[in-house]
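Following: one structure in structure tokens, then a few remarks.
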């Protein structure tokens, strides 16, 4: 494998500024370098830096497109002109017409699944059948503004059930969660940061905590001039007895949150890039801290990878009073282009309580901000303020996620619920894909991957210094640190093997770690990637050995 690599790295000295930029921006430069390599050889670029999956969930998409035919038929019932103009769906009797459509098209792709979705909603929740099908028909046609703007009535019911199953392990807390449908998890992040600041729940210079390694926007947003939060990192630095990363948090670090000056905690769970869910020890510590020491702590948890850990339980289940959960449908269903996510907030929550405790001056300012929407602003809930803020308040009347997006979201949610009742075929297939790729990667590197029930495996963070120490000792580790930048390995992989990976240090992980996405390449590619990574480490070791004085 070392023949693929040059004896001497041709990676230029990119300077300290390259270590400071986001790994996602650095990725673009790495792709350019890999492209240059490809032009000079027959090599194929392997981009393991992207989190975009190379799979899709087919059945809910088939159902969406088949239902589109029904929606168009409903429009033509009221008006059908030769010039291509039709009417809009009408509610009266639409459920019966839908049932007739299902019978007449029972062999159409997704039709059987649509019938199961209809039966689930009408039997489990006793919903009005005409209202349900009319909402779906308007969704697939997209002829109306979203009403309610926060999330549609039946979309919320379906997605709420999905979150109870997937984020709460089927054991949701008492009470209900309200949902805000957003244009992907990134939009939810922007809206949350914005509304926390607009409503004086977080102010410039406030103390917040961040569990690391973490998705880089959670590092970068608090540093913006608008926020300038004082950020304390809680690193996942626990190690096994034989020096391997466990990617879990120490009791000492978590206990910093006992200090009530910490106003907010930002979490990605399971983590990105290590891809491990928070273990029971850490969760129990957080629960104890909130209950006994810091009851006003606001927790924002981003749980997009939770569906990749069987039995996953979000902090929204354990600490519902203190937690906003962001969940995106993008990864599990292969739907990054759909931009589908929700922010979930329990109706009994600390955010609303803190709003009521604001000083009179702040309440007056917020009365002016939201007064065009309602007269009793003091009773306006935080989640509804998020909706208004998402459209600069003045455009609140046109806020909300588009109707077609909400229908596809509903079908994804119902698909998972129905699948869980018929053997979890989709889930098992999805987990098998990830597990097989992960195993192939680590076996081809020759490194040890510990069994771990908390691992999601969507990404793999590989700390090269851990394996440098294990294979060659501490002197070699010192040699690497002294002679090379932590970015050297990602640039070498790009320039010499056309492999693109991200630097773990950019996620505030170990500086010499790299992030490999297990989502976007084929299984045999991960065998190649593992050999490339091991080959780079061995090439460093050969150079180190050649630099040692010859024993006489």
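Throughout, read-outs are computed from the coordinates displayed, never taken from laboratory work. Model, not experiment: these values are computed from the prediction. Here the Cβ is made from the backbone with ideal geometry for all residues, glycine too, and neighbour counts use every protein chain on show.
Details
- The Cα center of the stretch 381-405 and the Cα center of the stretch 98-168 differ in position by 22 Å.
- Residue exposure proxy: 458, 484, 191, ordered by other Cβ atoms within 10 angstrom of their Cβ from fewest to most, comes out as 484, 191, 458.
- Residue exposure proxy: 430, 298, 278, ordered by other Cβ atoms within 10 angstrom of their Cβ from fewest to most, comes out as 430, 298, 278.
- The calculated Kirkwood hydrodynamic radius for the stretch 59-144 is 13.1 Å, given to one decimal from all distinct C-alpha pairs.
- Per residue convex hull volume, Cα atoms of the stretch 153-418, in Å³: 132 Å³
- Relative contact order (%) - criterion: Cα under 8 Å, at least six apart; region: the stretch 153-418: 25 percent
- Cα shape, the stretch 455-552, gyration tensor, a/c 1.5 rule: prolate
- Spin-label pair residue 395-residue 453: with each label point 7 Å from Cα along the Cα-Cβ axis, the two points sit 4.8 nm from one another.
- Dividing the C-alpha radius of gyration of the stretch 228-279 by 2.2 N^0.38 Å, with N its residue count, gives 1.25.
- Between the stretch 229-285 and the stretch 491-544, the alpha-carbon centres lie 25 Å apart.
- Fraction of beta bridges assigned by DSSP in the chain that are antiparallel (%, nearest 5): 50 percent
- Evaluated over the Cα positions of the stretch 257-335, the convex hull gives a direction-averaged projected area, one quarter of its surface, of 5.2 nm².
- Relative contact order (%) - the stretch 61-121, alpha-carbon pairs under 8 angstrom, separation at least six: 38 percent
- Per-residue [θ]222 nm for the chain (sum of -39500 (n - 2.57) over DSSP H runs n ≥ 4, rounded to 500): -14000 deg cm²/dmol
- Short-range pairs are left out: with C-alpha atoms under 8 Å and at least six residues apart, the relative contact order of the chain is 24 percent.
- Scaled radius of gyration (Cα, divided by 2.2 N^0.38 Å) that the chain gives: 1.07
- Among 460, 444, sorting on how many other beta-carbon atoms sit within 10 Å of each Cβ, with the fewest leading, yields 444, 460.
- Once the Cβ-Cβ distance of residue 357 and residue 125 is raised to the sixth power relative to R0 = 41 Å, the FRET efficiency obtained is 0.70.
- Separation in nanometres of the label points that stand 7 Å from Cα toward Cβ, at residue 365 and residue 92: 5.3 nm
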